[in-house]
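What follows is a set of notes on a single structure, which appears directly below.
The values are calculated or read from the model by the stated rules, or taken from the named source; none is laboratory data. The structure presented is a predicted model; accordingly, all values stated were derived computationally and were not measured. Glycine also receives a Cβ, built like all others from the backbone with ideal geometry; neighbour counts cover every protein chain displayed. With ligands, DNA and RNA removed, areas are computed over all heavy atoms of the protein, side chains included. Shrake-Rupley method; radii C 1.70, N 1.55, O 1.52, S 1.80 Å.
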Protein chains: 2
Amino acid sequence: MSDLLAQLAHRIGDTHVLTDPQTIQPYLTDWRKRYRGKALAVLRPASTAEVAAIVRLCHDAGVSMVPQGGNTSLCGASVPDTLGNAVVISLSRLRQIRQVDPVNQTLTAEAGCTLVEVQVAAAQQQRLFPLSLASEGSCQIGGNLSTNAGGVQVLRYGNMRELTLGLEVVLPDGQIWDGLRGLRKDNTGYDLKHCFIGAEGTLGIITAATLKLFPRPLQQCTAWVALSGPEDALQLLGQLQQRFSDRLTAFELVSDVCLQLVTQHIPGSRSPLEAPSPWYALLELSDGAPDDRLAGDLLATLAESPVQDAAIAQSEQQARALWLLRESISEAQRLDGPSIKHDIALPVSAIPAFLQDTAALLQHAFPGVRLQVFGHLGDGNLHYNLSHTRPGNVDLFDDEAQANRIVYDQVAHYRGSISAEHGIGQLKRDTLPHYKSALELKLMHQLKASLDPKGLMNPGKVLV
Amino acid sequence: MSDLLAQLAHRIGDTHVLTDPQTIQPYLTDWRKRYRGKALAVLRPASTAEVAAIVRLCHDAGVSMVPQGGNTSLCGASVPDTLGNAVVISLSRLRQIRQVDPVNQTLTAEAGCTLVEVQVAAAQQQRLFPLSLASEGSCQIGGNLSTNAGGVQVLRYGNMRELTLGLEVVLPDGQIWDGLRGLRKDNTGYDLKHCFIGAEGTLGIITAATLKLFPRPLQQCTAWVALSGPEDALQLLGQLQQRFSDRLTAFELVSDVCLQLVTQHIPGSRSPLEAPSPWYALLELSDGAPDDRLAGDLLATLAESPVQDAAIAQSEQQARALWLLRESISEAQRLDGPSIKHDIALPVSAIPAFLQDTAALLQHAFPGVRLQVFGHLGDGNLHYNLSHTRPGNVDLFDDEAQANRIVYDQVAHYRGSISAEHGIGQLKRDTLPHYKSALELKLMHQLKASLDPKGLMNPGKVLV
């Protein structure tokens, strides 16, 4: 094995083959600190050619490889297992913005660029790269692609998959596939990029991507509205989509339980409305017009909607304060104590019934359970978390398996997804076979065997 | 073989196993009448279960299968080869609209529904299914999916791939994969539907799909504008996208040569503008607002653009007349005589240089050549046709190989696509290896071998 390390060091430089236990510790531990793995070494190539060279060496030596971006996976997808026979390949040094083409509205970035770096490069050309996530300062484009990242603007702009026109991938044997195209239409055979997007590094290593850009909106209007229930939220969503179409750039659902956690735990936060309401929506409209009609048009629509009260931001500062409430929910939950988390998707039309049925089942199983529900209603994506399965919220995780089973069985009943935007990784790997058909799993294994016959890429992730 | 036919007839009924030479002739000849194939029989199953049953019988007997929808392929993808050892599987009897969910904005249709039937089913629920093609009255959803169909509204709504949330597929061995999901987010492993979309029936038979719907626009504004050149068209496109974002639902480029062909050959057609101009754009804005601001907002934008003259439709009838000019170009070309056709895509920013360079190369090779250029500029998709390579337009197709080589080499130089929306089929199968890397072709063959190891699905299409 020291032979291999020497060859790797020869190829990318001594200082980029890390083996010191303390130095490599951060690469082996996931962001949530649920998984602590082991590795032969952490490799830090600086270019696609270097990635290809080290992948070929590892491939020929039969050594497993764990690609890693910003290591912000919420499912343990980016850290190695505990066997210690894999190398971690960090893409952090591949951070060139290779091209920005404002007329074609495309940007080509290397995998190690952070999401913020891509946003900034687009903004410098008066363009928008719309993907936006809590971890955008540290997560990297390669990871965003490998998990098909979502976020708050999917409603308007789509997931990472929809934002991608082309890819460059180092295949498991070290060959480089140059699929970097900036085309809106291309029907010349199988669209291979879709194999690698969302594959969590199990089929190859994405080294660069050509991404879609958009014009930058010139005005936005942000509002926080009170709703009596999820049905009213759906009615409002439909009215806004009819009236504003894709100018509706976000529609977030927040339960009063979540808002209370925020105002209780986050200093300086307060409810935007006087009277509490069981549910709220945070909505955002965006327009490229230089006028200021958006707020008036929104008010007219709200007047005909089931909204009971509304606060419309009068300044960018007020808009940011509304968004901060939404973005503080995860932190407020953390400060409040442990919770069992689910990142699920449902057909939008099924959400009211799902919420009602599932709450009843959980209350029956865990009398007094507290549901902390929020999410991207426009995408049917709920963060469906629960705590207090027992008085005082003790021994919560002893109830996790049972709670997961109740929630995921309900998700399956409504033909939903047990992972809307976080992926599978290690966390849901053993759960997936319960909710995916045997045939679909078999097809996934066939694809894996076809592209990675030696099974070297990110072993133990996604597939059992 | 008569054994197999008897088994097939037993499964789907005598009257749906067609073998009479005259009866099956339409199934064996492509729409352009370039290809005339042979087949053992034409099979007309009525349900997914019947498709699965006959595919299993054919699979076990080692008999090739050619899936066929409306048989409107422009590349000969939907007719069998001349060996006569394949069966054609027509999906025309799978024509149920299984579900319309206006709140989730989804519709589930079987493969044999025509595109118009899907549009109508959506409209009945006050929703829009935006795919729109010249052949929409006869082309079928299964074929639209298998060719990843495009059309005039891709700019706003995307290709068929982007309009699809879930698929049901009969695999080459007769197993049914139920991937019919109506979810906007689902990150639970490899997204298998993308393997089958655009695969032209070479990996399995799509039997149903869950498609995205949209709110129906309440107002549209259609305009025909004069432009001095492609650079100005790009500038206008950028201005409209900045101002109207996705309310810009179409942006079509038309050369004066094409407009002249239309006014010359199509009775009742006339130029919308008094003075001729070398180029025109046909543009359409759509909005869900019940006001009538769109035309005024467009005028304000055009006033600051390089547009030299404009006709804005004042009624739906006038709008239809403008669209008819655009839609008559193909027919006008046909009436004018033969032409060599190319369906290409380029990065939008490369189009002015491509047009200039390529015209010069073609004029050099074929002095006096006439270029008939039009297309979906917003998608970078040009229909780049030429005629009169020799005086009197004689022996045109003797020059086809040389003309293709010039055009496609230029497309490759600008990193474009030799098939933007029509696919590969038989027509471009032997051309593809010249313009696709060996590695990408190898990956395509690997995927084919993985999903269709016996090579029975639509042989001789896409891949050599």
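In region A:70-84, the count of residues that are touching a strand residue (DSSP E or B) at 6+ places or on another chain (Cβ under 6 Å), over 19 Å from A:Arg36 (Cβ atoms), in the same structural domain as A:Leu18 (by TED's automatic domain parsing) and of a type outside the set (A, V, I, L, M) is zero. Scanning region A:393-426 for residues that are assigned to a helix (DSSP H, G or I), small (Gly, Ala, Ser) and crowded, with 17+ Cβ neighbours inside 10 Å yields a single hit, A:Ala403. The set of residues in region A:446-464 being over 22 Å from A:Arg56 (Cβ atoms), open to solvent by 40 Å² or more (accessible area, probe 1.4 Å) and more than 10 Å from chain B (Cβ to nearest Cβ) consists of A:Val464 alone.
When region A:164-181 is filtered for residues that are under 16 Å from A:Ile197 (Cβ atoms) and away from chain B (no Cβ under 11 Å), the ones remaining, listed by number, are A:Thr164, A:Leu167, A:Glu168, A:Val170. Of the numbered criteria (1) within 26 Å of A:Ile89 (Cβ to Cβ); (2) at pLDDT below 95; (3) at the interface with another protein chain (Cβ under 10 Å from one of its Cβ atoms), the one A:Ala134 fails is (3). Of the residues screened, A:Asp409 is one that is more than 14 Å from chain B (Cβ to nearest Cβ) and not β-branched (Val, Ile, Thr). Considering only region A:27-45, how many residues are closer than 18 Å to A:Met65 by Cβ and open to solvent by 80 Å² or more (accessible area, probe 1.4 Å)? Here the count works out to 1. Looking at the structure I just gave you, is A:Thr263 surrounded by 17 or more Cβ atoms within 10 Å (Cβ to Cβ) and either small (Gly, Ala, Ser) or not assigned by TED's automatic domain parsing to the domain that holds A:Val152 (or both)? Answer is no for this residue. In region B:285-309, of all residues being more than 9 Å from chain A (Cβ to nearest Cβ), under 13 Å from B:Phe244 (Cβ atoms) and in contact with a helix residue (DSSP H, G or I) (Cβ under 6 Å, 6 or more places away or on another chain), the one that is surrounded by the most Cβ atoms within 10 Å (Cβ to Cβ) corresponds to B:Leu285.
Checking each residue in region A:110-139 for being of a type outside the set (Gly, Ala, Ser), more than 25 Å from A:Phe251 (Cα to Cα) and outside any loop (DSSP other than H, G, I, E, B) picks out A:Glu110, A:Thr114, A:Glu117. The single condition among (1) at pLDDT 95 or above; (2) aliphatic (A, V, I, L, M); (3) open to solvent by 40 Å² or more (accessible area, probe 1.4 Å) that B:Leu74 does not satisfy is (1).
Among the criteria (1) open to solvent by less than 10 Å² (accessible area, probe 1.4 Å); (2) at negative phi, the one A:Tyr435 does not fulfil is (1).
Exactly one residue out of B:Leu237, B:Leu192, B:Leu203, B:Leu167 is farther than 21 Å from B:Asn144 by Cβ and not assigned by TED's automatic domain parsing to the domain that holds B:Arg370: that is B:Leu237. Within the group B:Leu236, B:Leu227, B:Leu213, B:Leu167, which residue is in contact with a helix residue (DSSP H, G or I) (Cβ under 6 Å, 6 or more places away or on another chain), touching a residue at least 12 places away in the same chain (Cβ under 8 Å), open to solvent by less than 10 Å² (accessible area, probe 1.4 Å) and over 30 Å from A:Leu377 (Cα atoms)? That would be B:Leu227, the only listed residue that is in contact with a helix residue (DSSP H, G or I) (Cβ under 6 Å, 6 or more places away or on another chain), touching a residue at least 12 places away in the same chain (Cβ under 8 Å), open to solvent by less than 10 Å² (accessible area, probe 1.4 Å) and over 30 Å from A:Leu377 (Cα atoms).
Look at region A:89-106 and say how many of its residues are under 16 Å from B:Gln241 (Cβ atoms) and more than 12 Å from chain B (Cβ to nearest Cβ). So the count comes out to 0.
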